[in-house]
Amino acid sequence: MKRKIGVLALQGDFAEHIHAMERCGASAFEVRKSSDLDTADGLIIPGGESTAIAKLTGDNRDPVFDTIRARLNNGMPVYGTCMGSIFLAKEIEGSTQGRLAVMDIKVRRNAFGPQRNSFQTELPIKCLGEPAFPAIFIRAPIILSCGRNVEILATMPEGIVMARQDNMLVSAFHPEIADDHRVHYYFLKMLDNAVSTSKIRTAQSSTSQLLAG
Ligand code: GLN
């Protein structure tokens with residue numbers, strides 16, 4: 001069965017993520033309001049401008065951000081690229097701008113300089129195997145520090161650039177504009193694990209019901 005991946009489409013390069021996910025064989029669609037998440041097995045928060053999405057968190061017309069938080073707590077996998085990682089971070093250096101503040105990471109925005117300093121590098125990412133990943137950095141953040149529950153997946157001399165905490169994945173770079181979809185496949189694999197975890201939970205609760213009964 002095809003995986004259904006929502007891509008938050010309020011800000012940033014959501015179209016490229018939709019395209020990359022479709023290339024991986026998933027069905028991908030835009031998420032703009034809470035009800036768009038009803039059919040999503042996973043969610044991508046794309047790159048863009050975090051101060052712009054921050055402003056939308058004050059808009060109470062639709063509870064899309066509350067729904068994302070609730071679904072996250074329920075185990076739905078979420079992948080944040082660049083701006084998406086800032087939006088998931090518990091801490092942003094020198095800023096209290098609006099965000100979901102769910103992942104145990106501290107980020108520094110624009111850590112590699114302005115747009116003209118955008119670059120591509122061959123980044124070794126162990127969980128993706130060989131060869132190194134063609135990682136594109138555009139006004140990218142860096143993860144300065146993270147909690148012990150966060151797994152570091154890739155680093156550069158400047159700091160951490162890819163990490164995972166349970167069902168949350170973040171990268172400072174933009175795999176959706178590279179011609180290499182291994183990060184998107186990795187995210188789809190997280191969905192398989194999420195399904196088996198929820199099956200385990202269901203099995204455990206029916207076992208405890210049997211034991212209790
Ligand atoms: N510099 C942007 C910010 O701080 C993020 C850039 C990106 O997502 N490519 O919000």
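The values are calculated or read from the model by the stated rules, or taken from the named source; none is laboratory data. Predicted model, so just to flag it, every value in this text is computed and none were measured. Cβ: placed from backbone, ideal geometry, glycine included. Neighbour counts: every protein chain shown.
Identify, please: which residue in the stretch 146-180 is part of a loop (DSSP other than H, G, I, E, B) and crowded, with 19+ Cβ neighbours inside 10 Å and is, among those, nearest to the ligand (Cβ to nearest atom)?
His174
Output the qualifying pairs, or none if there are none: Cβ atoms under 8 angstrom, residues six or more apart or on different chains, first residue in the stretch 74-90 and closer than 13 Å to Glu49 by Cβ, second residue modelled with pLDDT under 95 and more than 7 Å from the ligand (Cβ to nearest atom).
Taking only residues 6 or more apart or on different chains, the pairs are Met83/Gln11.
Are there any pairs with C-beta distances below 9 angstrom linking a residue in the stretch 50-64 that is charged (D, E, K, R) to a residue that is modelled with pLDDT of 95 or more, with the two at least 6 apart or on different chains, and if so which?
Lys55/Gln97; Lys55/Gly98; Arg61/Lys33; Asp62/Arg32; Asp62/Lys33; Asp62/Ser34; Asp62/Ser35
What is the residue count in the stretch 68-96 for residues that are over 22 Å from Gly159 (Cα atoms) and either touching an Asp or Glu at 6+ places or on another chain (Cβ under 6 Å) or surrounded by fewer than 18 Cβ atoms within 10 Å (Cβ to Cβ) (or both)?
Residues flagged as over 22 Å from Gly159 (Cα atoms) and either touching an Asp or Glu at 6+ places or on another chain (Cβ under 6 Å) or surrounded by fewer than 18 Cβ atoms within 10 Å (Cβ to Cβ) (or both) within the stretch 68-96 amount to 5.
In the stretch 132-145, which residues are under 21 Å from Met190 (Cα atoms) and either charged (D, E, K, R) or not in a strand (DSSP E or B) (or both)?
Ala132
Can you tell me how many residues within the stretch 112-129 are at pLDDT below 95 and assigned to a helix (DSSP H, G or I)?
Within the stretch 112-129, residues that are at pLDDT below 95 and assigned to a helix (DSSP H, G or I) number 3.
Give the residue that is farthest from Phe119 (Cα to Cα), with candidates limited to residues of the stretch 66-87 that are within 16 Å of the ligand (Cβ to nearest atom) and more than 8 Å from the chain's Cα centre (by Cα).
Only one residue fits best here, namely Phe87.
Going by the conditions given, is Ala101 among the small types (Gly, Ala, Ser), in contact (Cβ under 8 Å) with a residue 12 or more places away in the chain and buried (at least 18 other Cβ atoms within 10 Å of the Cβ)?
No, not satisfied.
So Ser34 fits all but one of (1) under 16 Å from the mean Cα position of the chain (by Cα); (2) surrounded by 15 or more Cβ atoms within 10 Å (Cβ to Cβ); (3) away from the ligand (no atom under 16 Å from the Cβ); (4) free of Cβ contacts under 8 Å to residues at least 60 places away in the same chain; what number is the exception?
Every condition holds for Ser34 apart from (1).
Take the residues in the stretch 126-140 that are crowded, with 17+ Cβ neighbours inside 10 Å and closer than 10 Å to Phe173 by Cβ, then tell me which one is farthest from the ligand (Cβ to nearest atom).
Ranking the qualifying residues of the stretch 126-140, first place goes to Phe133.
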